[in-house]
Number of protein chains: 2
Amino acid sequence: MSQQDLDFETSVFEKEYITVADRQEAIVRGGRHLFGVLPQAFEGVGQIGVIGWGPQGSAQAQNLRDSLGGAARVVVGLRADSSSREQARAAGFTEEDGTLGEVLDVVAASDMVILLISDAAMAKLYPEVFAALKPGATLGLSHGFLLGHLTQSNEDFPADVDVIAVCPKGMGASVRALYLQGAEVNGAGINASFAVHQDVTGQATDRALGWSVALGAPYTFQTTLQSEYLSDISGERAILLGAVHGVVESLYRRYHDLGMTAEEAFRRSAESVTGPISRIISKDGIDGVYRHLDEDGQRIFAEAYSVAYPVGVELIEEIYDEVRSGNELRSVVLAGERLEHRPMGKIDQSTMWRVGQKVRADRVENEIPLDPFTAGVFCGVMMAQIDVLIARGHPYSEIANESVIEAVDSLNPYMHARGVAYMVDNCSITARLGARKWAPRFDYLLTQQAFPAIDGDEPVDTTPFEAFADHPIHQVLRVCAGLRPSVDIFVA
Amino acid sequence: MSQQDLDFETSVFEKEYITVADRQEAIVRGGRHLFGVLPQAFEGVGQIGVIGWGPQGSAQAQNLRDSLGGAARVVVGLRADSSSREQARAAGFTEEDGTLGEVLDVVAASDMVILLISDAAMAKLYPEVFAALKPGATLGLSHGFLLGHLTQSNEDFPADVDVIAVCPKGMGASVRALYLQGAEVNGAGINASFAVHQDVTGQATDRALGWSVALGAPYTFQTTLQSEYLSDISGERAILLGAVHGVVESLYRRYHDLGMTAEEAFRRSAESVTGPISRIISKDGIDGVYRHLDEDGQRIFAEAYSVAYPVGVELIEEIYDEVRSGNELRSVVLAGERLEHRPMGKIDQSTMWRVGQKVRADRVENEIPLDPFTAGVFCGVMMAQIDVLIARGHPYSEIANESVIEAVDSLNPYMHARGVAYMVDNCSITARLGARKWAPRFDYLLTQQAFPAIDGDEPVDTTPFEAFADHPIHQVLRVCAGLRPSVDIFVA
């Protein structure tokens with residue numbers, strides 16, 4: 001199935017079509033007023049087992065329990081010796097009332113099993129999980145890693161279960177925090193994609209949509225597990241983590257070399273991206289950043305955009321090829337073997353990020369500059385990701401959420417509070433390895449190719465910027481923005 | 001066959017055993033006095049076809065012709081429309097006398113075919129070459145790429161030919177230039193490894209040794225095609241190109257940030273590595289660098305070594321895993337497809353390398369500082385490569401040549417003349433892609449982990465340096481140094 005042909009039928013929710021660029025995409029709008037129909041969506045599901053208590057596991061288990069209000073029992077499955085048991089108990093999942101149990105016991109007793117363990121654990125544990133699943137059960141995933149892993153191992157999901165995915169386009173912390181905000185502002189939440197990979201019960205679509213609505217997704221769009229996998233793993237290596245890190249490192253160094261103090265260089269690079277630039281994109285789109293600049297700023301933006309965009313395309317095409325070929329996943333598996341003997345070090349103790357701690361401590365939020373050069377570089381790389389994903393046939397909703405909305409509404413605000421390098425040190429192993437691998441590539445190529453083009457004697461070729469004003473993504477982002485209330489993003 | 005069990009029989013040359021660390025390795029010492037026995041080594045070979053006119057092709061074709069003195073005819077094979085035909089003619093290979101022809105014609109007419117075309121061309125052309133080979137012919141390679149490519153494609157060499165490799169441990173330019181020096185200083189030349197992968201004629205070993213002696217190799221050691229492939233592709237990604245680039249970039253930035261002028265920072269980083277540090281290692285070994293330092297310098301060296309060594313091990317183990325898994329080769333193939341639409345840009349126009357041009361122009365050779373911190377970092381990463389290759393079971397001769405001798409006697413002198421970034425821009429596609437991929441990783445990890453450990457409040461853990469003084473590689477390098485005359489390295 002080509003992504004352009006995606007559509008679905010639901011007997012529980014109201015499907016609507018949004019017009020994004022030259023296409024129609026079928027979606028379901030969320031909201032707390034729909035919690036009343038969740039029992040219908042989960043018909044036949046007496047128990048939902050949520051396996052794992054990482055950021056996604058803890059957020060999803062609590063949101064599901066709170067939304068379902070007892071229509072299905074939500075039970076958390078953890079290893080007996082898991083250090084997370086205490087936290088799960090504190091959140092109200094206990095052995096005493098049967099809502100906290102051993103992983104395989106919970107799998108065997110649940111009608112729907114949502115697997116939210118780490119990729120490494122997934123790769124080890126899946127055969128036992130598959131064997132323990134009830135026939136006719138629903139297996140739920142929140143990203144495509146397992147599909148990639150099975151494909152590479154020439155294996156497949158069990159034939160007698162539904163396989164669905166609901167993939168929130170934000171960190172677990174945001175999934176819970178925005179859900180809580182949603183109690184006051186109906187519709188606050190993190191958008192999610194859904195995919196129906198196997199439907200043996202005929203109920204897979206409504207269960208997936210119910211799951212997404214219960215998580216608090218303002219809107220839910222359709223994708224395939226393969227498309228989700230490719231855009232998710234590529235996106236975190238590119239603009240969501242790897243590219244943003246490389247971009248701000250290269251800019252910080254450039255500004256410092258041009259004579260700015262370390263503090264000012266940090267403000268004009270990292271602070272500008274995670275603060276004003278992300279906020280403007282969130283409210284007014286990528287083109288909104290350009291409109292916020294004065295004439296001189298717009299000229300600088302256009303030139304910076306034009307030299308950064310080709311670097312972005314070159315590297316994001318490489319990332320996408322590496323992910324699609326399976327190389328990237330094989331690298332993660334090989335790294336996992338090395339990590340058993342030597343843990344990863346932290347990356348946030350370099351000079352730049354120590355300067356950053358100080359700058360954040362002294363921060364006056366509305367004095368952070370909207371630097372036009374920084375904005376041009378960041379938006380150029382962001383648009384490169386968008387164009388690579390468009391060329392590869394991804395749905396617009398997926399592209400907008402994976403390239404823009406997840407960045408400016410979930411990850412960048414977290415980075416704004418803690419620093420980009422800290423975020424890299426504290427994300428999933430798969431994402432962390434990818435960010436450490438690709439950030440330096442963006443940094444080097446910007447430094448070696450983009451900046452010399454700005455600094456050279458030749459006038460800058462602004463051809464890439466010519467496609468900016470009329471780019472279809474601007475309309476897509478406006479449609480997406482209309483599907484949820486504007487809320488302030490929470491950072492723990 | 002484990003590399004430790006390597007041994008060979010030759011009826012033409014004198015085999016001797018060298019004692020390297022705890023092992024004996026069988027080698028053949030070269031020299032111009034052996035050219036007289038080459039007709040015996042090439043018995044049954046009336047024509048040697050050298051396919052390709054890159055740096056290795058042009059060097060090897062000329063060395064072979066000059067050494068053989070007509071004992072076998074050396075014919076160069078190039079595409080009819082090859083832009084290199086003119087250069088081959090200028091070197092005396094002409095259509096008129098039958099020493100320059102079309103690739104497949106030359107293959108079909110030769111008793112021994114040495115394939116020295118680019119990896120990309122190799123991947124495309126090998127089925128036609130295999131089909132055109134005479135039964136009983138000898139196929140010669142100068143690195144293991146084709147083996148890696150065939151393994152990945154589940155294919156194999158034709159069963160009815162000998163497959164041998166002679167792999168000079170230096171650039172093509174050095175292979176020719178040192179051969180010419182050898183006319184005055186018998187024994188000047190570039191060491192080479194040889195491998196016998198298939199021996200249907202029973203003459204494969206002597207043909208390989210004859211080829212190596214004819215190239216001017218001061219000494220020839222044995223390896224397997226697989227071992228050569230792994231160490232060659234890993235080595236160029238590590239200390240030979242990728243690591244040395246990342247090391248000097250990170251040091252230049254560090255010194256500049258600490259307040260040195262850009263010129264002084266360049267002298268103490270890149271200039272120090274490619275000049276005095278390489279020269280001392282070439283003459284006195286890696287431990288010679290340490291001995292050249294005063295007490296204060298030795299303390300600085302030991303600390304810098306100790307923080308750089310673990311970074312080197314971490315990344316070189318990753319490189320080795322990526323090469324062995326086939327990921328690295330798949331990446332090269334994928335990149336080749338993208339390069340058809342978008343050529344690689346140059347990397348030597350960044351600020352650092354523009355500073356470098358100026359520094360080189362004003363250079364006073366004996367005023368280049370031997371910086372102890374730079375020396376410690378560079379030697380730490382070099383030793384990391386040595387230890388990773390030892391742990392993976394490579395022969396000591398291969399390790400010493402691939403990690404040390406090729407660097408200090410061939411590549412670094414070229415970089416000293418032209419700059420590290422220029423060298424990266426001008427090497428083979430496979431090496432260039434690898435260097436661009438891995439250099440930034442070394443830079444980042446040194447900046448994120450090694451330098452903060454130096455700059456922190458805690459005393460530096462110098463455990464890694466404890467193994468330095470008694471490391472077996474020092475003895476190995478002294479044995480290798482004894483196998484050839486000390487010559488000044490030529491740089492075009």
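Quick one: in chain A, whose Cβ comes closest to the A/B rotation axis, and how close in angstrom?
Closest Cβ on chain A to the axis mapping it onto B, in Å: A:Pro440, 2.
Using Cα centres only, tell me the gap between the stretch B:257-296 and the stretch A:50-124 in whole Å.
Cα centres, the stretch B:257-296 to the stretch A:50-124: 57 Å.
By how many nm would the segment from B:Thr94 to B:Gln475 lengthen if fully extended, with 0.36 nm per residue of separation less the alpha-carbon distance?
Numbers: separation 381, 0.36 × 381 = 137.16 nm, distance 4.70 nm.
Contour length minus the Cα-Cα distance gives 132.5 nm.
With the Cα gyration tensor of the stretch A:318-370 giving a ≥ b ≥ c as the square roots of its eigenvalues, does the rule (a/c under 1.5 for rounded; else a/b larger than b/c for prolate; else oblate) give rounded, prolate or oblate?
Verdict is oblate for the stretch A:318-370.
So how tilted is helix B:429-445 from the main axis of chain B? Cα-based, degrees 0 to 90, rounded to 10.
20 degrees
Calculate how steeply helix B:372-391 sits against the longest principal axis of the alpha-carbon atoms of chain B, using the helix alpha-carbon long axis, and give the answer as 0 to 90 degrees to the nearest 10.
Tilt relative to chain B: about 50 degrees.
Expressed as a whole number of Å, what is the distance separating the alpha-carbon centroids of the stretch B:158-220 and the stretch A:400-435?
Here the two parts' Cα centres lie 52 Å apart.
Run through the DSSP bridge list for chain B and note the antiparallel percent, rounded to the nearest 5. Kindly include the intermediate steps, with their values, before the conclusion.
Values: 15 of 37 bridges.
Around 40 percent of the beta bridges assigned by DSSP in chain B are antiparallel ones.
Rounded, prolate or oblate: which one fits the stretch B:420-490, using the alpha carbon gyration tensor with axes a ≥ b ≥ c (rounded when a/c is under 1.5, else prolate when a/b beats b/c, else oblate)?
Cα axes put the stretch B:420-490 in the oblate bin.
Given label points at 7 Å from Cα along Cα→Cβ, what nm distances, shortest first, separate B:Glu14 from the same residue in every other copy?
Copy-to-copy label distances at B:Glu14, shortest first: 9.6 nm.
What length, rounded to one decimal in nm, is gained on full extension from B:Arg392 through to B:Asn426, with 0.36 nm per residue of separation minus their alpha-carbon distance?
Value of the extension gain: 9.2 nm.
Need one number: the % of Cα-Cα pairs in chain A sitting beyond the 37 Å mark.
Result: 25 percent of Cα pairs exceed 37 Å.
I need the inter-copy label distances for A:His474: point set 7 Å along Cα to C-beta, values in nm with one decimal, smallest first.
Spacings between copies for this position, smallest first, are 6.8 nm.
Any idea what the relative contact order of chain B is, in percent, if you count C-alpha pairs under 8 Å spaced at least 6 apart? Don't jump to the answer; show the numbers that get you there.
Numbers: 892 pairs, mean separation 94.4, N = 492.
RCO, chain B: 19 percent.
How large is the charge dipole for the protein assembly as shown, taken about the Cα centre, if only the Cβ atoms of Lys, Arg (+1) and Asp, Glu (-1) carry charge, to the nearest 20 debye?
Dipole magnitude for the protein assembly as shown comes out near 680 debye.
For the stretch B:340-466, what does the relative contact order come out to in percent, with C-alpha contacts under 8 Å and a separation of six or more?
That works out to 25 percent.
What fraction of the DSSP beta bridges in the protein assembly as shown is antiparallel, stated in percent and rounded to the nearest 5?
40 percent
Give me the distance in nm between label points sitting 7 Å out from Cα along the Cα-to-Cβ direction at B:Glu263 and A:Glu264, one decimal.
Placing both labels 7 Å along Cα→Cβ, they lie 2.6 nm apart.
With a cut-off of at most 15 other beta carbons within 10 Å, and DSSP calling the residue loop, which GluC sites (Glu not before Pro) in the stretch A:285-389 qualify? Please list them.
A:Glu340
Which of rounded, prolate or oblate describes the stretch A:310-459 when judged by the alpha-carbon gyration tensor and an a/c cut-off of 1.5?
Rounded is the answer for the stretch A:310-459, as its axis ratio a/c remains below 1.5.
Could you work out the mean count of beta carbons from other protein chains within 10 Å of each residue's beta carbon in A:126-137?
Rounded to a whole number, the mean comes out at 0.
Give me a single rounded figure for A:439-449: the average over its residues of other chain Cβ atoms within 10 Å of their Cβ.
Neighbouring Cβ atoms belonging to other protein chains average 6 per residue here.
Place the label 7 angstrom along Cα→C-beta at A:Val200 and in each other copy, then list the distances from the first to the rest in nm, shortest first.
5.2
Only four residue types carry charge here, +1 at the Cβ of Lys and Arg and -1 at the Cβ of Asp and Glu. Report the dipole size of the stretch A:324-455 about the Cα centre in Debye, rounded to the nearest 20.
Around 600 debye, computed over the stretch A:324-455.
Relative to the Cα centre, what is the charge dipole magnitude of the stretch A:1-88, using +1 at the beta carbon of each Lys and Arg, -1 at the beta carbon of each Asp and Glu, and rounding to the nearest 20 debye?
About 440 debye.
Roughly how large is the A-B contact in terms of buried accessible area, totalled over both chains, probe 1.4 Å, nearest 100 Å²?
3200 Å²
Using a 1.4 Å probe, what is the accessible area per residue for chain A, in Å²?
Values: 17340 Å² over 492 residues.
On a per-residue basis, chain A sits at 35 Å².
What number do you get for the protein assembly as shown when its Cα radius of gyration is normalised by 2.2 N^0.38 Å, N = residues?
Here the answer is 1.02, to two decimals.
Mind giving me the nanometre distance, one decimal, between the label points for B:Glu365 and B:Leu180, set 7 Å out from Cα along Cα→Cβ?
Each label point is offset 7 Å from its Cα along the Cβ direction, giving 1.7 nm.
Packing-wise, with mean Cβ within 10 Å as the measure, how do A:139-151, A:34-46, B:10-22 rank, highest first? If you can, show how the numbers build up before the last one.
Details: A:139-151: 22.0, A:34-46: 17.4, B:10-22: 14.7.
Going from most to least packed, we get A:139-151, A:34-46, B:10-22.
For Cα pairs less than 8 Å apart in space and 6+ apart in sequence, what is the mean separation divided by the residue count of the stretch A:122-262, i.e. the relative contact order in percent? Walk me through the numbers on the way to the answer.
On the way: 193 pairs, mean separation 30.6, N = 141.
With pairs under 8 Å counted, the relative contact order is 22 percent.
Based on the Cβ-Cβ distance of A:Ser84 and B:Glu340, what FRET efficiency does E = 1/(1 + (r/R0)^6) give at R0 = 51 Å, to the nearest 0.05?
My answer for the efficiency is 0.55.
On average, how many beta carbons from a partner chain sit within 10 Å of the beta carbon of a residue in A:324-332?
The per-residue average across the peptide is 4.
Hey, what angle do you get for helix A:295-324 against the long axis of chain A, alpha-carbon based, 0 to 90 degrees rounded to 10?
That helix lies at roughly 40 degrees to the long axis.
The values are calculated or read from the model by the stated rules, or taken from the named source; none is laboratory data. Because the structure is a prediction, the values reported are computed rather than measured. Methodologically, a virtual Cβ is constructed for each residue, glycine included, from the backbone with ideal geometry; neighbour enumeration extends over all protein chains shown. Please note that ligands, DNA and RNA were not included when accessible areas were found on the heavy atoms of the full protein model with its side chains. Shrake-Rupley method; radii C 1.70, N 1.55, O 1.52, S 1.80 Å.
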